[in-house]
Structure formats: C-alpha cells, structure tokens
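Reading through the structure tokens given below for one structure.
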Amino acid sequence: MKKNNLFSTFLLIAGFLLSYFIDKIFYSINPNWATWFPENYFIRYLCILFLRLVPIAGVSFILLQKNVLKGLGLTANFSKAFFFAFLFTLPLFVGFAFFAKFDPEVKLSKIFTHCISPGFYEELLIRSFLIGLLFRYFKWGFIPASLLGALFFGSWHLYQGHDLMSSFFAFLVTAMGSVWFAWLYFEWRFNAWINISLHALMNFSWMLFSIDGGAAGNALSNIFRGITIALSIVVTVRMISLKRGFIINRKTLWINQAQT
C-alpha cells in the first residue's frame with residue numbers, strides 16, 4: 001500500500017463511514033429494510049452484523065492486501081490479551097457482585113448480541129480500522145487519530161441518555177473511554193484482542209448485574225470502572241517499562257514519525 005496516499009485515506013474514511021452509518025443508509029432507502037432478512041432475531045442480527053463488516057473487509061483488503069488480519073491486529077496473541085482483560089475487569093465483577101443486583105435472566109444469545117458482538121465490531125471498526133490504520137499506515141498522530149475515533153464512538157452512545165445533560169455525559173465518558181482503548185491498542189503493539197476482550201467483558205459485567213445510568217453509569221459503578229482503567233494503565237506501563245519504549249511518545253502525538 002502506498003502510504004500517505006490521498007485516495008487511500010479517502011477510501012479508508014469512506015469505508016468507515018459506510019460501515020458506521022449503514023443502518024441509517026438502508027433505513028433512508030426503505031424504513032422496513034430489516035425485513036429483508038429472516039424473521040428470527042438472532043439470524044437477522046448476524047446478517048446485519050455481516051453487512052456492517054463488509055466495508056471493513058473490502059477496504060482492508062484493498063489497502064492491506066495479504067496483510068489484512070495483521071494490519072487489523074487480529075493475528076496478535078489472544079490468550080494473553082484475554083487473561084489480562086479478565087484481570088483488569090475483575091474489580092467490576094467483584095464490586096458489582098457486592099453492590100448490584102444479579103440478573104438471573106441472562107441468555108447466551110444476549111451475551112453474544114450485547115457483549116461479544118459489540119466488543120468485536122466496535123473495536124474492529126473504531127480502534128483497529130479507523131484509528132489504527134490512520135496511525136500505522138497514514139502516519140496520523142495519536143491525538144488527531146484517537147480524537148476522531150472518540151467523536152464517533154461517543155456519538156454512538158448518545159441514545160443512552162434520557163435528556164440533553166445525560167446524553168452529553170454519556171458522550172463524554174465514552175469518548176474518553178475511546179482514547180483509553182486506543183492507547184491500550186497501540187501500547188499492546190496493536191493487539192486487537194485486548195480491546196475486544198476488555199470491551200466485551202465490561203459489557204458483560206453491566207449485563208450480569210443491574211446497573212443504572214447506561215454508558216455513563218452511576219457513581220458507584222464509575223468507581224469500579226475507574227479502578228479497572230487505572231489497573232490496565234498501571235500494568236501496561238509496568239510491562240512496557242520492563243521490555244521496551246512507549247509507542248505513544250512525543251514523536252507520535254501529532255504526526256507518527258516512528259516505524260510502526
């Protein structure tokens with residue numbers, strides 16, 4: 001792939017926007033577009049998920065050719081990433097077990113549609129595809145790339161607010177979370193599984209226990225979420241300091257001048 005190619009950058013952004021807005025695009029064509037797929041909710045969900053993944057796969061193949069999986073961080077160590085993601089989210093599960101109400105109605109299909117699928121798709125689209133490729137191949141700096149991703153990721157969660165203030169707070173919290181996820185993705189040497197596992201497990205903790213406040217959470221849940229974030233940062237920094245330098249540094253903040 002030719003780096004810093006204007007057309008390639010346009011193609012990347014176009015592919016991202018197509019995947020991000022694909023529901024709204026089809027809705028504008030036909031408000032009943034979801035009925036094009038089988039009536040079974042789970043099968044319909046899988047069909048729509050596949051539809052969202054098509055632009056990512058297509059553009060990634062054009063830009064990365066044989067290096068699609070590696071370029072999206074999907075060939076990295078899964079077991080190590082999942083282990084540390086589970087470690088990082090333990091404060092959420094333990095804290096919620098003491099202070100929140102357990103939901104016994106959790107079903108496997110809901111775990112997939114509310115935890116695994118959003119964790120995989122949102123991290124793949126926002127962190128691996130948009131932010132990751134802009135940083136690694138188009139030499140955007142961490143700040144502009146992560147802020148662009150944060151804008152879209154935060155907008156994704158506006159619906160979780162019940163009024164203007166709560167919607168803004170949901171946007172702010174998730175936008176900041178997007179920057180944190182991007183930092184982890186980079187410092188884990190572009191291992192998409194750390195983000196996917198963390199995202200899915202955090203969603204699972206929210207689903208397993210009754211927590212009010214949507215993406216913004218309530219005061220108590222935010223304490224445990226803060227512990228999870230702090231733990232992930234401390235452990236990651238410690239691991240990096242023992243082995244290598246940071247990918248995010250003064251040479252990669254605004255323009256990526258490093259070999260990544």
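The values are calculated or read from the model by the stated rules, or taken from the named source; none is laboratory data. All values derive from a computational prediction rather than experimental measurement. Here Cβ is always computed from backbone atoms with ideal geometry, including for glycine, and neighbour counts include all displayed protein chains.
Of everything listed in (1) buried (at least 16 other Cβ atoms within 10 Å of the Cβ); (2) part of a helix (DSSP H, G or I); (3) of a type in the set (Ser, Thr, Tyr), the single unmet condition for Thr252 is (2). Within the stretch 142-173, the set of residues being closer than 20 Å to Asn222 by Cα and either among the aromatic types (Phe, Trp, Tyr) or in contact with a Leu (Cβ under 8 Å, 6 or more places away or on another chain) (or both) comprises Phe153, Gly154, Trp156, Tyr159, Ser167, Phe168, Phe169, Ala170, Phe171.
Please go through the stretch 78-111 and give me each residue that is of a type outside the set (Asp, Glu) and in a loop (DSSP other than H, G, I, E, B), ordered by number.
Filtering the stretch 78-111 down to residues of a type outside the set (Asp, Glu) leaves 78-102, 104, 106-111.
Of everything in the stretch 78-111, those that are of a type outside the set (Asp, Glu) and in a loop (DSSP other than H, G, I, E, B) turn out to be Ala100, Pro104, Val106, Lys107.
Filtering the stretch 143-174 to residues that are more than 16 Å from the chain's Cα centre (by Cα) and either part of a helix (DSSP H, G or I) or modelled with pLDDT of 85 or more (or both) leaves Ile143, Pro144, Tyr159, Gln160, Leu164, Met165, Ser166, Ser167, Phe168, Phe169. Taking the stretch 231-245 as the search range and keeping residues that are surrounded by 14 or more Cβ atoms within 10 Å (Cβ to Cβ) and without any contact (Cβ under 8 Å) to a residue 60 or more places away in the chain, which one is farthest from Ala85 (Cα to Cα)? Only one residue fits best here, namely Ile240. Within the stretch 174-208, track down each residue that is in contact with a Leu (Cβ under 6 Å, 6 or more places away or on another chain) and within 20 Å of Lys107 (Cβ to Cβ). Hit for the stretch 174-208 is Ser205, nothing else. Reported count of residues in the stretch 147-172, each being aliphatic (A, V, I, L, M) and surrounded by 20 or more Cβ atoms within 10 Å (Cβ to Cβ), is 2.
Within the stretch 177-197, take every residue that is under 15 Å from Leu231 (Cβ atoms) and of a type outside the set (A, V, I, L, M) and give me the one that is surrounded by the most Cβ atoms within 10 Å (Cβ to Cβ). Top of the filtered list is Phe181. Within the stretch 35-79, the set of residues being of a type in the set (Lys, Arg), surrounded by 13 or more Cβ atoms within 10 Å (Cβ to Cβ) and free of Cβ contacts under 8 Å to residues at least 24 places away in the same chain comprises just one member, Arg44.
Of the residues making up the stretch 44-77, those that are touching a Ser or Thr at 6+ places or on another chain (Cβ under 8 Å) and either farther than 20 Å from Leu11 by Cβ or part of a loop (DSSP other than H, G, I, E, B) (or both) are Tyr45, Leu49, Leu72, Gly73, Leu74. Apart from one condition, Leu12 fits all of (1) at pLDDT below 95; (2) assigned to a helix (DSSP H, G or I); the exception is (1). The criterion of being exposed (fewer than 14 other Cβ atoms within 10 Å of the Cβ) and touching a residue at least 40 places away in the same chain (Cβ under 8 Å) holds for Gln257.
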